[in-house]
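Take a look at the structure set out below.
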Amino acid sequence: MTDLSVKFCGVQFDNPLVNASGILGITGASLANVGRNGAGGVTTKSLWLSEHVGHKSPVIIANDYYMLNAVGLPDGGLEKAQSEINHFIELRREFLKDFKAGSNDAVGKNAQARKRKYLPLIANIVAGKVEDFENIAREIACLEPDIIEVNISCPNVESELGKPFACVAADAATVTRHVKKVVGNIPVTVKLSPNVEDIVSIARAVVDAGADALTLINTAGPGMAINIETRMPILTNRVGGLSGAALKPLAIKIIHDVHRALPNIPIIGTGGVLSGQDALEMMIAGATLVGIGTGIALRGVEIFDLALREMADWCEENGVEKVSDVIGTVK
Amino acid sequence: MNLFPSSVRITKVNKETPLVTSLVFEYPERAAPGQFVMVWVPGVDEKPMSVAFDDGKSITVSVAAVGTLSKALSEKKVGDVIGVRGPFGQKFTWKKGDRIAMLAGGYGVAPLYFAAHEAVKDGCTVDFFHGARTHEYLPFADRVEVLMNTTYYPATDDGSRGFKGTSVACWVEKMGDDYAEAQKYDLVMTCGPERMMKAVSDVAFELGIKALVSVERYMKCGFGICGNCVVDDSGITTCKKGTVMDNEEVRKIAEFGVYHRDSLGKKVNW
Ligand SMILES: Cc1cc2nc3c(=O)[nH]c(=O)nc-3n(C[C@H](O)[C@H](O)[C@H](O)COP(=O)(O)OP(=O)(O)OC[C@H]3O[C@@H](n4cnc5c(N)ncnc54)[C@H](O)[C@@H]3O)c2cc1C
Ligand SMILES: Cc1cc2nc3c(=O)[nH]c(=O)nc-3n(C[C@H](O)[C@H](O)[C@H](O)COP(=O)(O)O)c2cc1C
């Protein structure tokens, strides 16, 4: 039996797969369901200090090659975050108890057979101003998530918020410093954008500012798709971030480059992972955890269960006993 | 996988009631009763709409003009172009020869009319209970009435047509004292306002009759990734695992009949 567990910033994950932020992360019950389907950890949708209205639909369109989204980071604000995270923690308690008792309600054949020790929570936060990053980080830290992920890289709110902080090294570092100051010993991972000239220098700037880890990458672009009959951009926001299969080579290259430059900084890799093989490729490039977003559209929430099976099979066939042994082994 | 809207041209427009308009358009994919499509009015918005009919070539949606998108859609004319994605979601299913009670309210009558139309072809018999404020708000009544092996029971709040009271009260009365005739149903299907469906779910559960309930929540993607349409505490997406669900599943949804979520994911009481 392959050992699929990994350690990320000192937090033990039963396996390396997590849902990417913004996918199935709006409620505590939704996150618990992602866990029941096999994910090693779960990530909230980006949390704002106050209510934030998203874009008008259509907000998500996709084909086999890519997805464009301009959901626009809708969120109910702090009170909602508190109630949903507390609900998640309550449901997680039940979930882990059930697993120990052996009568777990994990769905899917493989998930059922898999023992669970823990289900870490990654709280993803966002803000339009540095002070607000600090304020939301302070409040969310009180809820004791296992990890805080800082989203400074969403490309589809540019019209509203201007260029993402992740596009300027100094700005990215400032946000990181302000967040680190108020979260005690909760590890912080900063989510970066592929839409920059020199990703390594930005990665280095946030690590120098105190980031414990990096999430690579957010969506690329933004891009646009036009309906030719009506000659209208399909997304009401006109443009949206690119994710899915087409994003994977960009993500692999960035993870590879950053891991080479900063080999001691753990990475959550996201971008176009659709299978266990894709997840392994990302780990070989340098990721410790792997986020799945768009892949859920193709294979359902069952993708976690399926991809874990694929990872375990590959490890067995290739004589890998611990999946963590493949991290950063690209030649 | 194609989750881009296809452009379709409207071929027919039917005013059903002062509030409800049906739009017909040719569509390359086929839909079953209970499924929905995402309908896009370019430049306005995109929202889920139940498939009210599929004749093998064209799909019908029936729209109640209540807000921005639904009003824009209700003003569309023959020849206008809209975008459509789908169909999505689970289907109403039945067994050959089932004796079915259908309880409809609001725009829920459209998918249930479609279900009845198909079920009677499979030798099913249908008692169709249809509730509304007044006789003016009973769209599809004429079409349901003429279906074979179907008995139509209208119910209006003001008694202007059929039973005076709710469709659920009408159904309960029909089953007689102590639900004496309950065993005549193999299956219950309901689609309509949630508090009505909650009452149906409760009665069906109490009587031990299998029931299919359409659980509708605020939807954005329609294919189970945005997570806006999830329910407490199961956390499943209703766009994908529903909207049509077995009552057994619905009984596990603690929020059913109590609250739903808005476009920001905040709880709103029904
Ligand atoms: C699976 C499903 C099937 C539906 N089928 C039909 C149908 O056949 N005919 C029909 O007229 N309507 C249907 N609706 C409702 C429809 O999607 C819209 O909600 C409705 O038309 C109002 O949108 P609006 O923009 O006109 O109004 P708004 O001004 O946006 O809202 C009016 C009210 O509708 C609710 N609402 C808004 N958007 C949604 C949404 N995307 N999903 C659910 N509730 C929402 C809100 O709670 C709001 O109070 C269906 C909804 C779902 C989820
Ligand atoms: C519909 C959708 C919503 C998203 N919302 C968020 C978000 O709220 N916060 C965030 O940090 N990233 C968000 N992202 C980016 C993803 O977390 C992820 O980084 C990106 O989609 C690449 O991974 P994928 O190809 O597996 O989807 C979103 C992506 C999609 C497709």
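The values are calculated or read from the model by the stated rules, or taken from the named source; none is laboratory data. These figures come from a predicted structure and were not determined experimentally. No Cβ is skipped: glycine too gets one built from the backbone with ideal geometry, and neighbour counts run over all protein chains shown. With ligands, DNA and RNA removed, areas are computed over all heavy atoms of the protein, side chains included. Shrake-Rupley method; radii C 1.70, N 1.55, O 1.52, S 1.80 Å.
What the table shows:
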{"read-out": "Strands (runs of 3 or more DSSP E) (entirely within the stretch B:1-75) containing at least 2 residues that are within 14 Å of chain A (Cβ to nearest Cβ)", "value": "B:6-15, B:20-26, B:36-41, B:45-54"}
{"read-out": "The one condition in (1) within 16 Å of ligand 2 (Cβ to nearest atom); (2) small (Gly, Ala, Ser); (3) in contact (Cβ under 8 Å) with a residue 40 or more places away in the chain that residue B:192 fails to fulfil", "value": "(1)"}
{"read-out": "In the stretch B:37-55, the residues that are more than 6 Å from ligand 1 (Cβ to nearest atom) and within 15 Å of the chain's Cα centre (by Cα)", "value": "B:37, B:38, B:51, B:52, B:53, B:54"}
{"read-out": "Candidates A:53, A:34 - the one that is surrounded by fewer than 24 Cβ atoms within 10 Å (Cβ to Cβ) and within 10 Å of another protein chain (Cβ to nearest Cβ)", "value": "A:53"}
{"read-out": "Out of B:58, B:62, B:70, sole residue that is more than 9 Å from ligand 1 (Cβ to nearest atom), farther than 21 Å from residue A:231 by Cα and open to solvent by less than 20 Å² (accessible area, probe 1.4 Å)", "value": "B:58"}
{"read-out": "Which numbered condition residue B:187 fails, given (1) open to solvent by 10 Å² or more (accessible area, probe 1.4 Å); (2) touching a Lys or Arg at 6+ places or on another chain (Cβ under 7 Å)", "value": "(1)"}
{"read-out": "Of the criteria (1) more than 9 Å from chain B (Cβ to nearest Cβ); (2) open to solvent by less than 10 Å² (accessible area, probe 1.4 Å); (3) more than 14 Å from ligand 2 (Cβ to nearest atom), which one residue A:81 fails", "value": "(3)"}
{"read-out": "Search result, residues across the stretch A:36-62 that are outside any loop (DSSP other than H, G, I, E, B) and either modelled with pLDDT under 95 or within 18 Å of residue B:263 (Cα to Cα) (or both)", "value": "A:36, A:47, A:52, A:60, A:61"}
{"read-out": "Strands (runs of 3 or more DSSP E) within the stretch B:186-258 that include 2 or more residues under 18 Å from the mean Cα position of the chain (by Cα) and within 11 Å of ligand 1 (Cβ to nearest atom)", "value": "none"}
{"read-out": "Options A:284, A:254: the member that is within 15 Å of ligand 2 (Cβ to nearest atom) and touching a residue at least 24 places away in the same chain (Cβ under 8 Å)", "value": "A:254"}
{"read-out": "So residue A:216, is it within 23 Å of residue B:4 (Cβ to Cβ) and either of a type in the set (Phe, Trp, Tyr) or in contact (Cβ under 8 Å) with a residue 24 or more places away in the chain (or both)", "value": "no"}
{"read-out": "Matching residues in the stretch A:189-220 - criterion: being among the charged types (D, E, K, R), outside any strand (DSSP E or B) and under 21 Å from the mean Cα position of the chain (by Cα)", "value": "A:204, A:212"}
{"read-out": "Condition check for residue A:210: at pLDDT below 95, open to solvent by 10 Å² or more (accessible area, probe 1.4 Å), more than 9 Å from ligand 2 (Cβ to nearest atom) and of a type in the set (Gly, Ala, Ser)", "value": "no"}
{"read-out": "Whichever residue in the stretch A:71-82 is more than 16 Å from ligand 1 (Cβ to nearest atom) and assigned to a loop (DSSP other than H, G, I, E, B) and, among such residues, is farthest from residue B:225 (Cα to Cα)", "value": "A:77"}
{"read-out": "Every residue from the stretch B:1-50 that is closer than 23 Å to residue B:192 by Cβ, touching a Cys at 6+ places or on another chain (Cβ under 9 Å) and open to solvent by less than 20 Å² (accessible area, probe 1.4 Å)", "value": "B:34, B:36, B:38"}
{"read-out": "Hits in the stretch A:7-31 - residues which are more than 11 Å from every other protein chain (Cβ to nearest Cβ) and among the aliphatic types (A, V, I, L, M)", "value": "A:11, A:17, A:18"}
{"read-out": "Where residue B:136 falls short, out of the listed (1) within 20 Å of the chain's Cα centre (by Cα); (2) surrounded by fewer than 17 Cβ atoms within 10 Å (Cβ to Cβ); (3) at pLDDT 95 or above", "value": "(3)"}
{"read-out": "Residue, farthest from residue B:246 (Cα to Cα), within the stretch B:46-105, restricted to residues that are touching a helix residue (DSSP H, G or I) at 6+ places or on another chain (Cβ under 7 Å) and of a type in the set (Lys, Arg)", "value": "B:47"}
{"read-out": "Residues being part of a loop (DSSP other than H, G, I, E, B) and closer than 19 Å to residue A:22 by Cα - total across the stretch A:122-152", "value": "6"}
{"read-out": "Count - residues of the stretch B:76-87 that are within 16 Å of ligand 2 (Cβ to nearest atom) and either open to solvent by 20 Å² or more (accessible area, probe 1.4 Å) or more than 10 Å from every other protein chain (Cβ to nearest Cβ) (or both)", "value": "0"}
{"read-out": "Members of the stretch B:18-41 found to be farther than 28 Å from residue B:245 by Cβ and modelled with pLDDT under 95, listed by number", "value": "B:18"}
{"read-out": "Unique match (being more than 14 Å from every other protein chain (Cβ to nearest Cβ) and either out of contact with any Leu (no Cβ under 7 Å at 6 or more places or on another chain) or without any contact (Cβ under 8 Å) to a residue 24 or more places away in the chain (or both)) among B:182, B:199", "value": "B:199"}
